[in-house]
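The values are calculated or read from the model by the stated rules, or taken from the named source; none is laboratory data. Bear in mind that the values here come from a model prediction, so they are computed numbers and not experimental data. All Cβ positions, even for glycine, are placed from backbone atoms using ideal geometry, and neighbour counts span all protein chains on display.
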Amino acid sequence: MKLKGLTTAIDYAYLNVLDLTDVDYRTHTKLEVYMIEEPDNPQIYNQLANKELLKKAVIVMMLDFTNPWNFMAELNRWIKFIYELQKRAEFTISELE
């Protein structure tokens, strides 16, 4: 599922979060998911460096377990990406805490 206006480097989907105590299992809320495969695309920053979006974000990094020797390089690459997002969204350290 793609969101209009996003680059081809970002996939978007949402998950319905159900209230299991509700007899009818109605959707309680929606969890938005942005999937980024390559953090090196500069267009990604324009789409995601949004202060309001990042305030509510939880970032999950998934690594390829078929190449464990690349873990440290991949982690470093993704940490630089997150740092650059924080910088472009103009977050201060106190706002991040």
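Would you point out the residue of the stretch 22-49, among those that are among the polar types (S, T, N, Q) and not in a loop (DSSP other than H, G, I, E, B), that is farthest from residue 88 (Cα to Cα)? If you could, list the steps in order and put the result at the bottom.
First, pick out the residues of the stretch 22-49 that are among the polar types (S, T, N, Q): 27, 29, 41, 43, 46-47.
Next, from what is left, pick out any that are not in a loop (DSSP other than H, G, I, E, B): 27, 29, 43, 46-47.
Values: 27: 34, 29: 29, 43: 12, 46: 9, 47: 11 Å.
Here the residue is 27.
Yes or no: residue 85 surrounded by 10 or more Cβ atoms within 10 Å (Cβ to Cβ), touching a Leu at 6+ places or on another chain (Cβ under 8 Å), outside any helix (DSSP H, G or I) and modelled with pLDDT of 80 or more?
Working: surrounded by 10 or more Cβ atoms within 10 Å (Cβ to Cβ): yes; touching a Leu at 6+ places or on another chain (Cβ under 8 Å): yes; outside any helix (DSSP H, G or I): no; modelled with pLDDT of 80 or more: yes.
No; evaluated as a whole, the condition is false for this residue.
Take residue 80 and decide whether it is more than 15 Å from residue 10 (Cβ to Cβ), touching a helix residue (DSSP H, G or I) at 6+ places or on another chain (Cβ under 9 Å), loosely packed, with under 13 Cβ neighbours inside 10 Å and of a type outside the set (Gly, Ala, Ser).
Taking the combined requirement at face value, the residue does not satisfy it.
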